[in-house]
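Notes follow once the structure below has been shown.
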Amino acid sequence: MAWFQYESVHEKRERMARELKKRSARGEVLEPLEIPAGKRKIAHTFWGKSWCEHIESYRDYENRLPRARSYLRQGSVFNLTVEPEKIRAKVAGSTLYDVEITIKPVAQEDWVGIQRACAGQVGSLLDLLSGQLGSGLMEVISNKERGLFPSPREIRFNCSCPDYASLCKHSGAVLYGVAVKFDADPALFFRLRGVDPAELLSSGAGQVLSPAAEAALEGEDLSTLFGIDFGQAAGEPTAIGTGSSEEQEKPVVKNPAAKKPAAKKPAAKKPAVKKPVVKKPAVKKPAAKKPAVKKPAATKPAAKRVAKGKQ
């Protein structure tokens, strides 16, 4: 007889279902992470897909990720939460394992560089969270060295399973589950990385940066920093804004001796004096006299005149 006992996938699911039922009976709340049915890809939004693509681009993880996707699709991830710098979940394997993933926040100098690159390029928070960004900004955000997505050296895994690998299949399933969370709420991505997305809006571009942040990027060329050409392409806005580099780098020097002109107070308006209205007596016009009509004198008939002549 073999030293191990084979257990089929169906038997594992039944055993895990019994354990979950016992935990629920004891009052433990277990919420499974729902995966969209009928879709080949785990994520479909910009932030969810970019998260998966970023994780899959690292060779340190490629051996464990196929099994991790299978665990996620089987509904083995429970109680997944995303907090600043922390991801927590429970994954059903041979038993129910506790997974905690720690991710360092975005470095301050990298965040300042991203802010400068996005200055004037992001119209609204809705555009940012929906991923409606130009190709230049997407390259800045997705940059492996200076972008918003964490590198392997910024990620630490802790799973209660007996697998001593840096990334076990349970932790990998949680990483893929985070992409599903980003699809539902993209703001969780910025929450995880410890930054405020509102600082990338056009309205926040004119805010004064901290002295430490200014000193960190003093003399830095953003094109060299991110390895991206920020020159204006046909039909696309510039990534850094308008104006030459000399004009942008020259600080505004204020002359302390110059006094601001005293603001003139508006002259007080005198209240208008209303003059009494004098009514003139009505003048009656004399009634116009009609001209007298003279009546013509009555003439005698001609017969009578003849008779008088004969006499």
#### Entry: Some residue of the stretch 180-194 being touching a residue at least 60 places away in the same chain (Cβ under 8 Å), of a type outside the set (Lys, Arg) and at positive phi
yes
### Task
Could you check how many residues of the stretch 184-196 are surrounded by 19 or more Cβ atoms within 10 Å (Cβ to Cβ) and either touching a Cys at 6+ places or on another chain (Cβ under 7 Å) or over 13 Å from residue 82 (Cα atoms) (or both)?
1
## Note on the structure
Screening 139, 109, 100 for residues that are of a type in the set (Asp, Glu), at pLDDT 95 or above and not in a loop (DSSP other than H, G, I, E, B) leaves only 100
### Query
Would it be correct to say that residue 87 is closer than 25 Å to residue 17 by Cα and either in contact with a strand residue (DSSP E or B) (Cβ under 9 Å, 6 or more places away or on another chain) or assigned to a helix (DSSP H, G or I) (or both)?
yes
#### Entry: Positions within the stretch 46-71 being within 29 Å of the chain's Cα centre (by Cα), surrounded by 18 or more Cβ atoms within 10 Å (Cβ to Cβ), aromatic (Phe, Trp, Tyr) and under 12 Å from residue 175 (Cβ atoms), in sequence order
51
### Query
Can you tell which of 74, 121 is under 19 Å from residue 169 (Cα atoms), at pLDDT below 90 and surrounded by 14 or more Cβ atoms within 10 Å (Cβ to Cβ)?
74
### Task
Would you be able to tell me the number of residues in the stretch 77-92 that are of a type in the set (D, E, K, R) and surrounded by 14 or more Cβ atoms within 10 Å (Cβ to Cβ)?
3
### Which numbered condition residue 151 misses (of (1) at pLDDT below 90; (2) surrounded by fewer than 23 Cβ atoms within 10 Å (Cβ to Cβ))
(1)
### Query
Restricted to the stretch 147-176, and to residues that are within 15 Å of residue 102 (Cα to Cα) and assigned to a loop (DSSP other than H, G, I, E, B), which residue is nearest to the chain's Cα centre (by Cα)?
149
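The values are calculated or read from the model by the stated rules, or taken from the named source; none is laboratory data. In this text the structure is predicted, and so the values were computed from the model without any measurement. No Cβ is skipped: glycine too gets one built from the backbone with ideal geometry, and neighbour counts run over all protein chains shown.
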